[in-house]
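Chemist: Take a look at this one; I'll ask things after.
The values are calculated or read from the model by the stated rules, or taken from the named source; none is laboratory data. Keep in mind the model is a prediction, meaning the values are calculated, not measured. Here Cβ is always computed from backbone atoms with ideal geometry, including for glycine, and neighbour counts include all displayed protein chains.
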Amino acid sequence: MEEPKKRRRTRIHRNGRRYRMVRFHGDLCTWLSYRKIQVTGLENIPKDGSVILAPNHSNALMDAMLILRTRKTPTVFGARADLFENPILAKLLTFLKILPMVRRRDGLRNVIKNLDIQEDILEVIGDRVPFCMFAEGTHRAKHSLLPVGKGVFRIAVAAAHNSNTPVFVVPAGMDYSDYFRYEGTSLVQFGEPINVTEFLASHPDAGEAEVYRALTTMLKERLSGLFTYIPDDEDYDAVWAYTKLATAGRRRGALTERLAVNRQAIASVLPADAPGRAEKLSAALDLDRKLHDAGISVLSLAGGGLGRFLLKTLGLLVWLPFQLFFGIWALLQIAPAEYMIKAGIIKDEAFYNSFRYGLYSLGYPLTLILWTLLGTFVFHCGFWLSLVASIVITYLAFPAFYRGLECYRLWVSDLKFLLRKDLREAFRKFKELA
C-alpha cells in the first residue's frame with residue numbers, strides 16, 4: 001500500500017530579495033500617500049505565539065498597505081478568491097504574499113477549497129509570521145462595522161488545536177481623516193490581543209457555536225474602541241454629521257487626540273436619553289446638507305477671518321508653478337486615475353484612493369524612464385543626474401500634486417464660506433447648541 005504523499009510546505013512567507021525590493025517601494029509610496037501616519041499599540045502584538053491580525057476594513061487596498069507598513073517583517077494577507085482567477089494576477093498576488101480566501105457567498109462547494117488554504121495559513125503563523133484577515137469580510141467606507149464573521153476564529157481555533165504555542169487574534173483599528181480624498185491622515189492602533197488558546201482552555205464544555213459567538217463579540221468590542229466608531233443604525237448619518245461639526249475648528253495634535261475628540265462628541269449624543277439629542281442631531285444633519293450643497297468643507301469652519309484667507313491666497317499663488325510642474329511630471333499617473341474616476345469606470349468610491357495608489361506605485365517605473373530619457377537626450381543633463389533627479393521627483397510629484405490640489409479645493413471652500421453669512425450664522429448657532 002502506497003504511503004500518502006507529504007503535503008508540500010508553502011513558501012509564501014519567505015522574505016526573498018525581490019520581495020524586499022518591491023516591499024521597500026510599496027512602503028515608501030504608502031508613507032508619501034498620507035500627510036500623516038500614526039501607529040500605536042505595536043507592543044500588543046505577541047512575540048511568543050502565533051498571530052492573526054484582524055483589522056476593520058473601511059478603505060479597500062489602503063487598509064492592507066498601512067497594516068503592512070507598520071512592521072518591517074513580512075505579513076501574509078487573505079483576499080477574496082475570485083481575484084486569483086486570472087493566472088497572471090494570481091502569480092502577482094502570491095508574490096505579494098496574499099492567499100485566496102473563499103467566502104460563503106462564493107458557494108459551499110468552493111468553501112471546501114479553504115481547507116487547503118487553511119493548512120497554508122497554519123504553516124505561516126506556525127512559523128511566527130502574522131496572517132492578516134479582515135474580520136468583516138469586505139470593505140465599506142463608514143465609521144462602523146459590518147458583522148464580524150467566524151472566519152478569523154475558525155483559523156485561530158484550528159491553529160490552537162494543532163500548535164504547542166498560544167494563538168492570538170490581535171484587533172487593529174484603522175481611522176482615516178477622509179476615505180475618498182488623497183493625501184489625508186491615517187491612524188493605526190493595535191489593541192489588546194485575544195488569547196484563543198487560553199479562551200478554549202477556560203471553556204472546555206462550550207459548544208462550537210457558543211465559542212464563535214463569544215470570540216466574535218469580544219473582537220467587535222475591542223475593534224470598536226480603536227477607531228471612530230458609530231453604530232450603523234438609522235441615526236448613523238446624523239451622528240456623523242454632528243461629530244464633524246462639533247469638532248470643527250478644535251485644535252488637535254496627535255491623531256490619537258483627534259480620535260479622542262471624535263469619540264467624546266459621539267458619546268454626547270449616542271444614548272437615546274442624552275440631553276437635547278434629537279434637536280442636536282436634527283440641526284447637525286440640516287447644516288451638514290446645506291454645507292454640502294454649497295460645496296463648503298467642514299475644514300473651512302475653523303475660520304481665521306479675512307487675514308488668514310489672504311495669507312493662504314498668497315501662499316497658493318507662490319505654490320502654483322510647483323503645482324503645474326508636479327502635475328506635468330506625474331501626468332502619466334494622474335491622468336488615467338482621474339479619467340477613470342470621473343468617467344465612472346471606478347464605480348465604488350471606496351476604491352478611489354486605492355486606484356490612485358495603484359497607478360502611483362505601478363506607474364512609477366514608466367514615469368521614471370520617461371523623465372530619465374527626456375533629461376538625458378532632450379535637456380542634456382547627463383544620464384546619472386537625470387536618473388537620480390527622476391528617482392526623487394517621481395516619488396514626490398504624485399503626492400505633492402494631490403496635496404496642492406486639496407489646498408486649492410479648500411481655498412475655494414474658504415472663499416464660499418466667507419461669502420455665506422447665513423451659513424456662518426447657522427454654524428455659530430449650532431456651536432451654541434452643541
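Chemist: Kindly list, by first and then second residue, each pair from a residue in region 319-347 that is on the phi < 0 side of the Ramachandran plot to a residue that is among the polar types (S, T, N, Q) and at pLDDT 95 or above, limited to pairs with Cβ atoms under 8 Å and residues at least 6 apart or on different chains.
Modeler: These pairs meet every condition: 329/367; 329/394; 330/367; 330/394; 332/367; 333/367.
Chemist: Can you find even one residue in region 172-192 that is assigned to a helix (DSSP H, G or I), crowded, with 16+ Cβ neighbours inside 10 Å and out of contact with any Pro (no Cβ under 7 Å at 6 or more places or on another chain)?
Modeler: no
Chemist: While we're here: Which condition number in (1) more than 19 Å from residue 223 (Cα to Cα); (2) at pLDDT 90 or above is the one that residue 108 fails?
Modeler: Condition not satisfied by residue 108: (2).
Chemist: Of the residues 223, 291, 259, which is touching a residue at least 60 places away in the same chain (Cβ under 8 Å), surrounded by 13 or more Cβ atoms within 10 Å (Cβ to Cβ) and over 30 Å from residue 192 (Cα atoms)?
Modeler: Numbers: 223 fails: over 30 Å from residue 192 (Cα atoms); 259 fails: over 30 Å from residue 192 (Cα atoms).
Going through 223, 291, 259 in turn, the sole match is 291.
Chemist: Continuing with the same structure: With farther than 30 Å from residue 139 by Cβ and crowded, with 19+ Cβ neighbours inside 10 Å as the only criterion, which of 351, 417 stands out? Walk me through how you get there before you give the answer.
Modeler: Values: 351 fails: farther than 30 Å from residue 139 by Cβ.
Criteria check complete, one pass: 417.
Chemist: Restricting attention to region 303-316, does a residue exist that is in contact with a Lys or Arg (Cβ under 9 Å, 6 or more places away or on another chain) and under 30 Å from residue 422 (Cβ atoms)? Quick ask: steps written out before the conclusion?
Modeler: Taking region 303-316 as the starting set, the residues that turn out to be in contact with a Lys or Arg (Cβ under 9 Å, 6 or more places away or on another chain) are 303-304.
With under 30 Å from residue 422 (Cβ atoms) added as a condition, the list becomes 303-304.
Yes, region 303-316 has at least one match.
Chemist: Restricting attention to region 53-90, which residues are over 24 Å from residue 141 (Cβ atoms) and in contact (Cβ under 8 Å) with a residue 60 or more places away in the chain?
Modeler: 74, 76
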